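Presented below is the structure to which this report refers.
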Amino acid sequence: MAQASDSLTKAPTEAPIETGVENAGADGHDDTRPPVTAVTAETAPGSPAPTVAMTPLPPHVIVLFGAAGDLARRKLLPGLLHLSQADLLPECRVVATALEELDSEGFRRLARQACDEFGRTEIQTHEWEAFEQRISYVPQSQGPAGLAEAVATAERTLVGADRAKEVRRLHYLSIPPSAARTVVQTLGQAGLVERSRIVMEKPFGTNLPTAQALNAAVHEVFAEGQVYRIDHFLGKEAAQNILAFRFANGLFEPIWNRDHIDHVQIDVPETLSVGNRAQFYESTGAFRDMVVTHLLQVLAFMAMEPPTALEPKAISEEKNKVFRSLCPINPEQVVRGQYEGYRSTPGVDPHSDTETFIALRCAIDNWRWAGVPFFLRTGKRMAEGARIISIAFREPPRSMFPTGSGVGALGPDHLTFDLADSSKLSLSFYGKRPGPGMKLDKLSLQFALQETSYEGDVLEAYERLIHDAMMGDHTLFTTAEGIERLWEVATPLLESPPPVHSYPQGSWGPDAVHKLIAPNHWRLPFQRGWRSAAR
């Protein structure tokens, strides 16, 4: 059996955190000296590991729309299998539906191919046999009546006809946004709203009016409490670690404000092109595709006030307070770019001004963050792929160190979160170089999940979010209020976008991004890499 369930039932032992100057992060200096020291966790001798109590999930029928599509094949079907392998699925049945005219046996073969190709773990024969028996298929051509009958059959098979009303329903809409209203109406016509929750994929509209219209259409059928707008960025362990880092450690929360933080960067470059998503991308662009639905959500986690409790409602409220405090985006503080060759992509307008790159400066008008700029950047076909939050601390108001000591030469101290699946963080600082005189180097404290014994326990983002939706946990999902507020602050940019600048494929975007962030500098590309875990 896979180990993924362990992380939800027992607390991991803290791994050593090493400080070193070799490959220790993006601090602007290359060195290959060994680590300076190590810090280990202190645990009372003989004390048992604490456990996290989990309420057992009720039986579920998962209705997967777009079940033959790319997202389902790459993430959802392998994710459901992994949850089953890890004993994190309740008693459940999966009713798959799509445009393809398949029967249940044909879809099971498709699902097995997807899990073999994209799954993260080896599939044992008995595991697959148990999982595939949970799956049935109904083509969308059978309409609301056919879908209703398929769900009713799954519920009766699961618990018997006399207990069918005990079964919860989770509807996952792995479909283009243009089809969302039709599917929502289909669920209403099929009588599948009761005892149900609905998971919706981004984008949630393309501007404020379309977001309001979509929310209104959804609310005609489902209550807001039933709706789970998914952002897979927030499902990553590293994103959730921001909450743990901030609110579980008294060392950092007192300095998490404008008095100590100079600026913040959220940087998500991608090496991929638009590929076969050209038609979708032409109607969205980098801002709609990434900033509203991903980067600003991460910003809220980083900037929110301490919630009254670590509970979904309290956390959502603090995130929404951040969104209410966001200043409207000034088009003069935005750089839009388009990689060379984009217009020759099949399906792209030869005169397209759709941005494949965007960088912008945001401001939060509240007591904690007044005057602190937040710089966001993302783009396609860039030099490397990364997901970084970098927090630059203010430098001391006066230096007592002699000229040539190195203080200030390598920039301010930074706290860096790597939101990739490897889940790393680094805290840089100046420290004295051994030997005579006062010569300082940039050092760093680092943590990497791969250095612990719990790397194999990590749930992939979609797995985590599916499980949370079944639990009714809204913590990592977006509300109607929040998404509409983000489109509201985006309105000035959408109405008056600056021109796009061409940039070479494999670069870091248009040159204008350096002027946007001046007198500061982008942390990516790092001047040195993360410390290697190999010893």
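Using a ≥ b ≥ c from the Cα gyration tensor of the stretch 78-171 (square roots of the eigenvalues), is it rounded, prolate or oblate, where a/c under 1.5 gives rounded and otherwise the larger of a/b and b/c decides, a/b for prolate?
Oblate.
Give, rounded to the nearest 20 debye, the magnitude of the charge dipole that the stretch 88-176 has about its Cα centre when Lys and Arg contribute +1 at Cβ and Asp and Glu contribute -1 at Cβ.
360
Give me the one-decimal nm value for the distance between modelled label points at residue 257 and residue 145, 7 Å along each residue's Cα-to-Cβ direction.
In this crude spin-label approximation the distance works out to 6.5 nm.
Go through the stretch 280-296 residue by residue and turn each phi into a ³J(HN,Hα) via Karplus (6.51, -1.76, 1.60, θ = phi - 60°); whole Hz please, and just put x for glycine and proline.
5, 5, 4, 8, 10, x, 5, 5, 5, 6, 10, 6, 5, 8, 10, 5, 6
Suppose the chain between residue 182 and residue 332 were pulled fully straight at 0.36 nm per residue; how much longer would it get relative to their current alpha carbon spacing?
The span from residue 182 to residue 332 would gain 50.2 nm if fully extended.
If you stretched the chain out fully between residue 473 and residue 246, how much longer would it get, using 0.36 nm times the residue separation minus the C-alpha to C-alpha distance?
The residue 473-residue 246 span can extend by a further 79.7 nm.
Under a plain spin-label model, where a point goes 7 Å from the Cα along Cα-to-Cβ, how far apart in nm are residue 70 and residue 272?
So the label points at residue 70 and residue 272 sit 0.7 nm apart.
So, counting K/R as plus one and D/E as minus one, what does the shell of residues with Cβ under 15 Å around residue 327 add up to?
+3
Which log10 I(q)/I(0) values does the stretch 169-221 give at q = 0.12, 0.14, 0.18 Å⁻¹ under the Debye formula, counting every alpha carbon as one identical point scatterer?
Treating every Cα as an identical point scatterer, log10 I(q)/I(0) equals -0.24, -0.33, -0.55.
By how many nm would the segment from residue 207 to residue 491 lengthen if fully extended, with 0.36 nm per residue of separation less the alpha-carbon distance?
101.5 nm
Any idea of residue 336's accessible area? Nearest 10 Å², probe 1.4 Å.
20
If I model a spin label at residue 99 and residue 116 as a point 7 Å from the Cα along the Cα→Cβ vector, what separation in nanometres do I get?
Roughly 2.7 nm, to one decimal.
State in Å² the accessible area per residue of the stretch 221-301; use a 1.4 Å probe, count heavy atoms of protein chains only, and round to the nearest integer.
With all protein chains present, the stretch 221-301 gives 31 Å² per residue.
Tally Lys and Arg at +1 and Asp and Glu at -1 over the other residues with C-beta under 13 Å from the C-beta of residue 78: what net charge comes out?
Here the count lands on -2.
Of 210, 284, which has the most accessible area with a 1.4 Å probe, and how do the rest follow in descending order?
210, 284
Which peptide among 62-70, 143-151, 235-243 comes first, and what is the full order, when sorted by highest mean count of other Cβ atoms within 10 Å?
The most tightly packed comes first, giving 62-70, 235-243, 143-151.
Answer rounded, prolate or oblate for the stretch 223-282, using the Cα gyration tensor with square roots of eigenvalues a ≥ b ≥ c: rounded when a/c is under 1.5, else prolate when a/b is larger than b/c, else oblate.
Oblate, since a/c reaches 1.5 and b/c is not below a/b.
Using 28 Å as the Cα-Cα cut-off, could you pick out the over-long pairs in 236/313; 319/424; 202/515; 202/313?
Where the Cα-Cα span goes over 28 Å, the pairs concerned are 202/515.
The values are calculated or read from the model by the stated rules, or taken from the named source; none is laboratory data. All values reported here derive from a predicted model rather than from experimental measurement. All Cβ positions, glycine included, derive from the backbone under ideal geometry; neighbour counts span all protein chains shown. SASA here: full protein model, heavy atoms, side chains in, ligands and nucleic acids out. Shrake-Rupley method; radii C 1.70, N 1.55, O 1.52, S 1.80 Å.
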